[in-house]
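Since the structure comes first, as structure tokens, the remarks are kept for the end.
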Amino acid sequence: MALNTLDIARVANLARLELRPDETERILGQLNGFFALVDKMDAVNTDGVEPLAHPAEILGDVALRLRDDIANEPNQREASQVSAPAVERGLFLVPKVIE
């Protein structure tokens, strides 16, 4: 799928971006390079290849260096809610916006 400068102008318009001509050419090259890579990956035969839930599955028993999920800051709920217009039982109260 090759894009042209009109495609880039349309996408820029939808995204509310103003692009200079040199930026348009640079982005056109980058996006066409991306789509070329996607086409290459799409051409690879993956029949019989089982999907992985996590890349570590192919590594076997590798210990991942993940930190422990421990709270390291004190609870400051009351201090955060001091300037709130309305609070009830530790929760911020906001006006209903959907009828």
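The values are calculated or read from the model by the stated rules, or taken from the named source; none is laboratory data. Just so you know, these numbers come straight off a predicted model, no measurement behind them. Positions of Cβ are backbone-derived with ideal geometry, glycine not excepted, and every protein chain shown enters the neighbour counts.
Could you tell me how many of the residues in segment 9-31 are of a type outside the set (D, E, K, R), exposed (fewer than 12 other Cβ atoms within 10 Å of the Cβ) and not in a helix (DSSP H, G or I)?
1
Report, by residue number, each residue of segment 40-56 that is farther than 30 Å from Ala2 by Cβ and either modelled with pLDDT of 80 or more or exposed (fewer than 10 other Cβ atoms within 10 Å of the Cβ) (or both).
First pass over segment 40-56, keeping only residues farther than 30 Å from Ala2 by Cβ: 48, 50, 52-56.
Of everything in segment 40-56, those that are farther than 30 Å from Ala2 by Cβ and either modelled with pLDDT of 80 or more or exposed (fewer than 10 other Cβ atoms within 10 Å of the Cβ) (or both) turn out to be Gly48, Glu50, Leu52, Ala53, His54, Pro55.
Six or more apart or on different chains, Cβ under 7 Å: which pairs go from a residue in segment 1-19 that's farther than 16 Å from Gln30 by Cα and at pLDDT 90 or above to one that's surrounded by 12 or more Cβ atoms within 10 Å (Cβ to Cβ) and hydroxyl-bearing (Ser, Thr, Tyr)? Could you list them?
Pairs that qualify, where the first residue is farther than 16 Å from Gln30 by Cα and at pLDDT 90 or above and the partner is surrounded by 12 or more Cβ atoms within 10 Å (Cβ to Cβ) and hydroxyl-bearing (Ser, Thr, Tyr): there are none.
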